[in-house]
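What follows is calculated from the coordinates using simple rules that are stated; it is not laboratory data. In this text, all values refer to a predicted model and were calculated from it rather than measured experimentally. A quick note on method: Cβ atoms are made from the backbone with ideal geometry, for glycine too, and the neighbour counts reach across all protein chains shown.
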Amino acid sequence: MPTPPRFLPAHLGLFQAGLRGFAWATALLAVLLLAYVGKSWPSKGQVVVAGIMGSAIAMLNDSWEVVALTDTWQTLPRLSTSRRVLHDLFSLALCIGGMIMMWVSNIHIGTDSDDTTSEERRQDKFLMAALWALLAQVAWRFILAVWGCVDCSRDARAADRRRRRRRRRRNRPPPNDPWYEITGYRV
């Protein structure tokens, strides 16, 4: 079996893989907390679905990107920059929706904190932990989406430079060719 090539991504690629790894761990924490809330309190099951879906999409996106960045065989292609940004923004929107649903479902109108039972305080504690995990997930998604937009603009500028070079080559006058001047045929 051949040995793998010695290619490792540049420092920025390793940094991005590490950042996506931390974002993946945050998404895992959010999924675990939200699943526990949904399992322990069935009345909150519908509230946590959007956060779980957003975090699951974030985990898929991050795991694909980390594996593609660190793959020394280069068999797994990276997602295009625009697709990464789209997935990050979709996950961001779902997580924000989940946060809003959790916040609205946790409002206690006209109740005092003295009247709550230990089970309600426990539920509030886990809902707040899950809400903070979702907030961290939203922060990661926002940072990664902005980073992706910067990468998109860099890709667009490079594509524009390539397009301009091709146009200049096409519009360049042909060199003086004595054979063409005599016969009218290009070699």
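Anything in the range 90-107 that is of a type in the set (A, V, I, L, M, F, W, C) and closer than 13 Å to L135 by Cβ? List them, or say none. Talk me through it step by step, then tell me what you get.
Quick first cut of the range 90-107, residues of a type in the set (A, V, I, L, M, F, W, C) only: 90, 92-96, 99-104, 107.
Selection gives L92, C95, I96, M99, I100, M102, W103.
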key: Per-region count, the range 13-64, residues of a type in the set (S, T, N, Q) and over 19 Å from W132 (Cβ atoms)   = 5
remark   = Filtering the range 9-24 down to residues that are assigned to a helix (DSSP H, G or I) and in contact with a helix residue (DSSP H, G or I) (Cβ under 9 Å, 6 or more places away or on another chain) yields G13, L14, Q16, A17, G18, L19, R20, G21, F22, A23, W24
request  = Determine the pairs where a residue that is within 11 Å of G98 (Cα to Cα), located within the range 34-51, has a partner that is surrounded by fewer than 19 Cβ atoms within 10 Å (Cβ to Cβ) with Cβ atoms under 7 Å apart, the partner being 6 or more residues away or on another chain.
outcome  = V47/M101; V47/S105; A50/G97; A50/M101
inquiry  = Pairs please, first residue from the range 120-145 and basic (K, R), second anywhere and part of a helix (DSSP H, G or I), Cβ atoms under 6 Å, 6+ apart in sequence or on different chains.
reply    = R141/D88; R141/S91; R141/L92
message = For the range 71-92, give me each residue that is surrounded by 15 or more Cβ atoms within 10 Å (Cβ to Cβ) and not aromatic (F, W, Y).
response = D71, R78, L79, T81, R84, V85, L86, H87, D88, L89, S91, L92
inquiry  = For the structure I just gave you, tell me whether F90 is touching a residue at least 60 places away in the same chain (Cβ under 8 Å) and part of a helix (DSSP H, G or I).
reply    = no
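From the list S63, S43, S80, which residue is among the hydroxyl-bearing types (S, T, Y) and touching a helix residue (DSSP H, G or I) at 6+ places or on another chain (Cβ under 7 Å)?
Working: S43 fails: touching a helix residue (DSSP H, G or I) at 6+ places or on another chain (Cβ under 7 Å); S80 fails: touching a helix residue (DSSP H, G or I) at 6+ places or on another chain (Cβ under 7 Å).
Among S63, S43, S80, only S63 is among the hydroxyl-bearing types (S, T, Y) and touching a helix residue (DSSP H, G or I) at 6+ places or on another chain (Cβ under 7 Å).
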